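**Student:** Handing you a structure now.
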Amino acid sequence: MRDLVQFDVLISCPSDIENRGFINTIKDIVYNFNTNYGFKIGVSIRILYWKDSSYPEYGDTPQDIINRQIVDNADAVIAVFGNVFGTATSRYGSGTEEEIEKMISSGKQIFLYFQNKSTETNNLILEEVQKVRDFKKKYGKKGLYTEFKSKPQFKQLLLEHLISYFTNNPLVDARDKGWPHIVTKYEIQFCYTDSSEILVKKILTIRSLINDYSCMIDRFGWKGKSVIKNIENAILLKSFQENLTYTACILQFGHPLSRGEEYTIEIEYSLDNSENIDPRYVSCAVNIPIELIVFKIETNLSQKIAKAVLQNFSATASRIPMENKVLNCDGPIDVTIQRPIQGNRYVLSWEFNI
């Protein structure tokens, strides 16, 4: 029997959506997902809803209690707006807005939906509708949302989105294998200087999946000499030579991480190119769960990059690229790879004008 990885998903919506029966609709969709799809991909979704998942507590505002009891522990949120924005909290225009903002700040998944529905003409409803529109406009500048007209359409869309998100999700693989953390963003900046030195900066944003995890391993190096110049938000515990080219370093976080916390480490390396052995490529093998890879190439030299190619090598056929993508070289190279495939290797190579 296959072990299932459990994800806690929060339901967040104002009163008009609740009154139209959407809470039970979402629960039915999640039940459908768990029964017909979740088992096949090793995922089980547990619903968190304040009326079902919270318990009586005194000494704080209702929203702060809900945040502490369920919102902070959620892995994702399904949020739905209709004509009403909701009751304001001490910090935001509504409880749903606050819960969405907390999920944004934690780097968690947000399934956000707006129902296109005709509104009543009284001033109170129109004021609420305008608040919903304003929030939709603000959110749309940095995120994606979905609009729907009817409940059947919503049911179809949400089920499709759940299947799409949890299929080949790095978090699923991470939890299934017992990884303590996932890298939500792995950015490598490769910068030529006017000297023989090449600076490489790695910026790793990590989300902890358990409490008190405090170490990670990174690798660096090439055929020439390479040294660590600077580390931010971490302490170098140990470094050792893995082979003739690469060195591994064990880094301790600045403080023990709590479950769900996101943490960013910056590591700057210096590569010695005095012998002109520049390989002109940067790569990332997805040996740990990674949600996003970013490659950036900058040069201060008089030479300009003439050609740049992004290649994707399969774990089963590492010498034959699955993909060759020629990039625009009008300016600095900036490449983003969404949801890289576990086990594959992504290589960005470039050539200078002669």
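**Student:** Would you be able to say whether some residue in region 281-289 is surrounded by 14 or more Cβ atoms within 10 Å (Cβ to Cβ), modelled with pLDDT of 90 or more, of a type in the set (A, V, I, L, M, F, W, C) and part of a strand (DSSP E or B)?
**Tutor:** No, region 281-289 has no match at all.
**Student:** For E160, only one of the following conditions fails: (1) without any contact (Cβ under 8 Å) to a residue 40 or more places away in the chain; (2) under 20 Å from I104 (Cα atoms); (3) not basic (K, R). What is its number?
**Tutor:** (2)
**Student:** When the residues of region 188-210 are filtered to those that are among the aliphatic types (A, V, I, L, M) and under 24 Å from the mean Cα position of the chain (by Cα), which remaining residue is modelled with the lowest pLDDT?
**Tutor:** Per the stated criteria, the residue is I210.
**Student:** Determine the pairs where a residue that is in contact (Cβ under 8 Å) with a residue 24 or more places away in the chain and assigned to a loop (DSSP other than H, G, I, E, B), located within region 192-211, has a partner that is of a type in the set (V, I, T) and surrounded by 14 or more Cβ atoms within 10 Å (Cβ to Cβ) with Cβ atoms under 7 Å apart, the partner being 6 or more residues away or on another chain.
**Tutor:** Hits for this filter: L209/I182.
**Student:** Looking for whichever is crowded, with 18+ Cβ neighbours inside 10 Å, modelled with pLDDT of 90 or more and more than 21 Å from the chain's Cα centre (by Cα) here; the options are Q115, Q69. Which one fits?
**Tutor:** Checking each option against the conditions leaves just Q115.
**Student:** Of everything in region 216-225 that's over 18 Å from I206 (Cβ atoms) and surrounded by 18 or more Cβ atoms within 10 Å (Cβ to Cβ), which residue is nearest to the chain's Cα centre (by Cα)?
**Tutor:** Residue satisfying both the conditions and the ranking: G221.
**Student:** Mind listing just one residue for me: the one in region 143-177 that is polar (S, T, N, Q) and part of a helix (DSSP H, G or I) and, of those, modelled with the lowest pLDDT?
**Tutor:** By that ranking, first place goes to S164.
**Student:** Consider region 29-61. How many of its residues are under 26 Å from Q115 (Cα atoms) and free of Cβ contacts under 8 Å to residues at least 60 places away in the same chain?
**Tutor:** Looking only at that region, the number is 10.
**Student:** Scan region 329-354 residue by residue and report those that are among the acidic types (D, E) and free of Cβ contacts under 8 Å to residues at least 24 places away in the same chain.
**Tutor:** Listed by number, the list holds a single entry, D330.
**Student:** Here's another thing I want to ask about it. Against the definition (assigned to a loop (DSSP other than H, G, I, E, B) and either over 26 Å from the mean Cα position of the chain (by Cα) or small (G, A, S) (or both)), how does D60 come out, yes or no?
**Tutor:** Yes; evaluated as a whole, the condition is true for this residue.
**Student:** For region 249-266, enumerate the residues that are at pLDDT 85 or above and part of a loop (DSSP other than H, G, I, E, B).
**Tutor:** Of everything in region 249-266, nothing turns out to be at pLDDT 85 or above and part of a loop (DSSP other than H, G, I, E, B).
**Student:** For region 18-28, which positions are under 25 Å from S106 (Cα atoms) and in contact (Cβ under 8 Å) with a residue 60 or more places away in the chain?
**Tutor:** Matches in region 18-28: I26 only.
**Student:** Any chance region 153-167 includes a residue that's within 18 Å of T25 (Cβ to Cβ), hydroxyl-bearing (S, T, Y) and in contact with a strand residue (DSSP E or B) (Cβ under 7 Å, 6 or more places away or on another chain)?
**Tutor:** no
**Student:** Among the listed residues Y269, Y246, Y213, identify the single one that is at pLDDT 80 or above, touching a strand residue (DSSP E or B) at 6+ places or on another chain (Cβ under 7 Å) and surrounded by 16 or more Cβ atoms within 10 Å (Cβ to Cβ).
**Tutor:** Being at pLDDT 80 or above, touching a strand residue (DSSP E or B) at 6+ places or on another chain (Cβ under 7 Å) and surrounded by 16 or more Cβ atoms within 10 Å (Cβ to Cβ) holds for just one of Y269, Y246, Y213, which is Y269.
**Student:** Now for a different question. If W350 satisfies all but one of (1) under 24 Å from T184 (Cα atoms); (2) at pLDDT below 90, what's the number of the condition it fails?
**Tutor:** Against the list (1) under 24 Å from T184 (Cα atoms); (2) at pLDDT below 90, W350 comes up short only on (1).
The values are calculated or read from the model by the stated rules, or taken from the named source; none is laboratory data. Please read all numbers here as calculations on a predicted model, not as lab measurements. Backbone-built Cβ (ideal geometry, glycine too); neighbour counts: all protein chains shown.
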